Amino acid sequence: MSTENSEAYAVIKGKIPRSLKLQFKAFCAQNGLKMSEVLETLINQWVQADGLTSSLISDWQDEKRIDTEDIKIRIASDLVTQFKGLCSQRKVKQRFVLYTMIYEWVEAWQKQNQSFN
């Protein structure tokens, strides 16, 4: 992700469980990845899949008192527009989609790392 033209980028933010954010941050750091680049890829994949939703989205909506932390990423503004539009069409909150993407990505990394140990 290049930030040469700052006008071509916008921010997406939401709250996710603190423990998940820490896991996500740790996996990214261990593998030399930037959190924003991983999320930009995940959001792009979600948009390309026409905003398919997971049961995890509704599962987390039921949790009332989870210790959360803000997550904020800067990605291409056209992708932000597409992401927000699909969230609106699917009647899901952005934070729940971000949560699901990050949760599934962390789970996949954990499974992959376990298979190597």
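Structure above, values below:
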| quantity | calculated |
| --- | --- |
| ³J(HN,Hα), Karplus 6.51/-1.76/1.60, whole Hz, each residue of the stretch 76-87, x for Gly, Pro | 3, 4, 5, 5, 4, 4, 5, 4, 4, x, 5, 4 |
| In sequence order, calculated HN-Hα J values of the stretch 93-107 (Karplus, 6.51, -1.76, 1.60; Hz; x Gly/Pro) | 7, 4, 5, 6, 5, 4, 4, 4, 4, 5, 4, 5, 5, 5, 4 |
| Cut-off under 5 Å, modelled amide H: who pairs with Y9 long-range | S77 |
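Coordinate-derived values only; no laboratory data. Remember, it's a predicted structure, so these values are computed and weren't measured experimentally.
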